[in-house]
1. Hey, can you tell me all the residues within the range 46-77 that are at pLDDT 80 or above and surrounded by fewer than 15 Cβ atoms within 10 Å (Cβ to Cβ)?
2. So Ala33 ticks every box in (1) modelled with pLDDT of 75 or more; (2) in contact with a helix residue (DSSP H, G or I) (Cβ under 9 Å, 6 or more places away or on another chain) but one. Which box is left unticked?
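The values are calculated or read from the model by the stated rules, or taken from the named source; none is laboratory data. The shown structure was predicted, so the numbers you read here are calculated from the model rather than taken from an experiment. Here the Cβ positions follow ideal geometry from the backbone for every residue, glycine too, while neighbour counts run over all protein chains shown.
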Amino acid sequence: MGRQWFPYVRAGVLERIERMVARAAGDGALPAAEALVVLGAWQALLERHGGPDGRCALCRRTSRRLCTVWQVAVAYFVRP
């Protein structure tokens, strides 16, 4: 059946990060600048860890489960 759910997970995580970046950029405080660096790093990491189908080229996983990078991202950016 494939990983038809991954685009939704990916979109949710990246959307949440983008909202956090926008909010941090609007604050203008020094910690916001640090937050921008951290969130930018997360964006870059996630881009490298999964194509649109959810296959992680870096981890070379054959499992249907998310790689550990995406598992952490979902835990921190999607789950309440």
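1. Glu47, Arg48, Thr68, Gln71, Val72, Ala75, Tyr76, listed by residue number.
2. (1)
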